[in-house]
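Contents: one structure, followed by commentary.
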Amino acid sequence: SERDTSLLTTLAASLSVALQTARLVEETQKRVAELATINSVGEALTTEVELAPLLAIVGDKLRDAFNADIAFVALLDEGRSAIEFPYYVEAGAHEPQDPLPFGEGLTSQIIKSRETILLNSDEEIERSVIVGTRARSFLGVPILVGDKAIGAISVQSTAEENRFTDADARLLSTVAANIGVAVQNARLFEEAGEARQAAEQANE
């Protein structure tokens, strides 16, 4: 009847408002979580100047923020044409990794292309060349200093497909940009310390 139609129309309108409100709340919560991650990493980058502890702090924060089974920070050693892994965690364990020849695996692809790689299915993973433990969801972004890629960051899930989103990729890219500046500063700090030490030894 018209009465039923009117009632159902009113309920549908109310439901539409409720759904829109829920979506806005969810989006706001996601933005707050993203800002918290950026702020947390930013604090670490400003309080630590030495490279190894800096990457350890940042790596742990990213692993927790993305709830990743595997997380790593990779840096390119151009002199040796190799990729080093100063930070690598798998299943909660910090596992030392051997250098990877530059040109092998997805990490090399990310550095060469200077582009994000997001793989969210077993089918996509199977078509890719992954060195090491095979993930079911893979997100990797380049660490850029200017137009140059000096390394890469990756978070991965070994248990779930479709773990990461385009929003996650944007967040990780934002963090990677900050890390690039911090790594460059840390390297300059180390070089300055080595030069000062050499000068002091020369004067003894």
- Task: Relative to the longest principal axis of the C-alpha atoms of the chain, give the angle of the C-alpha long axis of helix 2-47, reported between 0 and 90° and rounded to the nearest 10°.
- Result: 10
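Counting Lys and Arg as +1 and Asp and Glu as -1, each charge on the Cβ, what is the dipole of the range 93-133 about the Cα centre in debye, to the nearest 20?
That gives the range 93-133 a dipole magnitude of about 260 debye.
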- Message: For the range 61-135, place one equal point scatterer on every Cα, skip the solvent, and apply the Debye formula. What is log10 of I(q)/I(0) at q = 0.20 Å⁻¹?
- Response: -1.00
- The whole-number value in µm²/s of the Stokes-Einstein translational diffusion coefficient for the range 94-204, with Rh from the Kirkwood sum over alpha carbon pairs at 20 °C and 1.002 mPa s, is 135
- Gain in span if fully extended, K112 to D64, counting 0.36 nm per residue against the direct Cα distance: 14.5 nm
- Message: Can you tell me the length gained on complete extension of the stretch S16 to E190, counting 0.36 nm per residue apart and subtracting the Cα distance?
- Response: 56.8 nm
- Message: So if each residue of separation counts as 0.36 nm, and I subtract the Cα-Cα distance between Q97 and S6, what length gain in nm does that give?
- Response: 26.1 nm
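What GluC sites (Glu not before Pro) does the range 101-140 have in DSSP loop regions with at most 15 other beta carbons within 10 Å? Provide the component values of the computation, followed by the final result.
On the way: sites: E104, E115, E123, E124, E126; in loops: E104, E115.
Of the GluC sites (Glu not before Pro), the ones in loops of the range 101-140 whose Cβ has at most 15 other Cβ atoms within 10 Å are E104, E115.
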- Calculating P(r) over Cα pairs in 10 Å bins from 0, in percent from this structure picks out, from (i) 8, 32, 36, 20, 4, 0; (ii) 8, 29, 29, 14, 9, 6, 3, 1, 0, 0, 0; (iii) 9, 34, 37, 16, 4, 0, entry (ii)
- Accessible area (Å², per residue) of the chain, counting only protein heavy atoms and a probe of 1.4 Å: 59
- Message: With unit charges on the beta carbons (Lys and Arg positive, Asp and Glu negative) and the dipole taken about the Cα centre of the chain, which residue among S108, A199, A167 sits farthest to the positive side?
- Response: A167
- Taking the dipole about the Cα centre of the chain, with the C-beta of Lys and Arg at +1 and of Asp and Glu at -1, give me whichever of A68, A52, T21 is farthest to the positive side. T21
- Ranked from highest to lowest mean number of other Cβ atoms within 10 Å per residue, what is the order of the peptides 12-21, 67-76? 67-76, 12-21
- Message: Starting from the 7 Å offset along Cα-to-Cβ, what nm value, one decimal, do you get for the label separation of T133 and N203?
- Response: 5.0
- Estimated vicinal HN-Hα couplings, Hz - the range 184-190 in sequence order (Karplus 6.51, -1.76, 1.60; Gly, Pro = x): 4, 5, 5, 5, 5, 5, 5
- Query: For the chain, what % of the accessible area comes from carbon and sulfur atoms, probe 1.4 Å?
  - Reply: 51
- Query: Tell me, what is the FRET efficiency for R80 and T165 to the nearest 0.05, using R0 = 22 angstrom and their Cβ-Cβ distance as r?
  - Reply: 0.05
- Filter the trypsin sites (Lys or Arg not before Pro) in the range 91-147 down to the DSSP loop ones having no more than 10 other Cβ atoms within 10 Å, then list what survives. R127
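The values are calculated or read from the model by the stated rules, or taken from the named source; none is laboratory data. Computed from a predicted structure; not experimentally measured. Heads up, the Cβs are rebuilt from the backbone with ideal geometry, glycines too, and the neighbour counts pull from every protein chain shown. We work out accessible area using only protein heavy atoms, side chains counted, and drop any ligands, DNA or RNA first. Shrake-Rupley method; radii C 1.70, N 1.55, O 1.52, S 1.80 Å.
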